[in-house]
């Protein structure tokens, strides 16, 4: 790791922690700086399992995208995907469906810069600037540039970003708008941190993220009952909304002590 700004990121303030770079550090990446590592170390001092949660989130993404590709889905919109890492959505989908189309949607300029540089030569893959809280805008761009055929089923993949959006921004309305905009047979795959088994860490963790995101006084902490409405209008596929370790594990042994990675995952189908 180095604290020398990468090419193309000269205008980025590396002295301020960034959620995407923090996640990169948790995953063992190199696109992070001292401020990001300091913030992550503060989180790990509160709850060491946060690193496992980040890894389990990526593992769920791999399993969910592979499942969707096996169901015949050939179009994926990955919203809030974070910094590119190994086994990204387009790579997973194309292992099953070589002609799969994938659009990554991101609002973070750091992520956009990295993703465009890495994916520039990847066929049927695009990166668009957008925000889950303004879905009409990025879906319009997908239509305008022919990136997606919105008359055919689409997989909406939102893994690891909804739990940063405070209640005051009402992310449920945005997800519902997307549900209504895509055709029957489309799917929604999400992950979301929950504090059902660790209520003791809610406030200190939220305090760190409020500072990182510059949102004093706002909270995004939710429990399972508060996450479930994201799937309103979708039919949850087995095993439902569960801890990510329990969602179709490749090895049953990997599902042991599922609550120790306190992130839920689920996939729903629009009938």
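Please treat every number below as a calculation from the coordinates, not as lab data. Every value quoted in this text rests on a predicted model; they were computed, and no experiment measured them. Every residue, glycine among them, receives a Cβ derived from its backbone with ideal geometry; neighbour counts consider all protein chains shown.
For the range 151-207, what class follows from the C-alpha gyration tensor (a ≥ b ≥ c being the square roots of its eigenvalues): rounded when a/c is under 1.5, otherwise prolate if a/b is larger than b/c, else oblate?
Note, shape of the range 151-207 comes out prolate.
Could you work out the relative contact order of the chain? I mean the mean sequence separation of Cα pairs under 8 Å and 6+ apart, divided by the number of residues, in percent. Intermediate values should be presented prior to the final figure.
Numbers: 465 pairs, mean separation 48.1, N = 271.
Reported as a whole number, the value is 18 percent.
Is the range 64-196 best put as rounded, prolate or oblate by its Cα gyration tensor, with a ≥ b ≥ c the root eigenvalues, rounded for a/c under 1.5, and otherwise prolate when a/b is larger than b/c, oblate when not?
Taking the square roots of the gyration eigenvalues as a ≥ b ≥ c, the range 64-196 is rounded.
Got a sec? How would 253, 22 order by Cβ neighbour count within 10 Å, fewest to most? Could the numbers behind the result be given before it?
On the way: 253 7, 22 25.
Going from sparsest to densest Cβ surroundings: 253, 22.
Which whole-angstrom value gives the distance between the alpha carbon centres of the range 35-64 and the range 177-208?
About 15 Å separates the Cα centre of the range 35-64 from the one of the range 177-208.
Please sort 96-105, 75-84, 128-137, 41-50 by packing, taking for each peptide the average over its residues of neighbouring beta carbons within 10 angstrom, highest first.
Ranked from most to least packed, the peptides come out as 75-84, 96-105, 128-137, 41-50.
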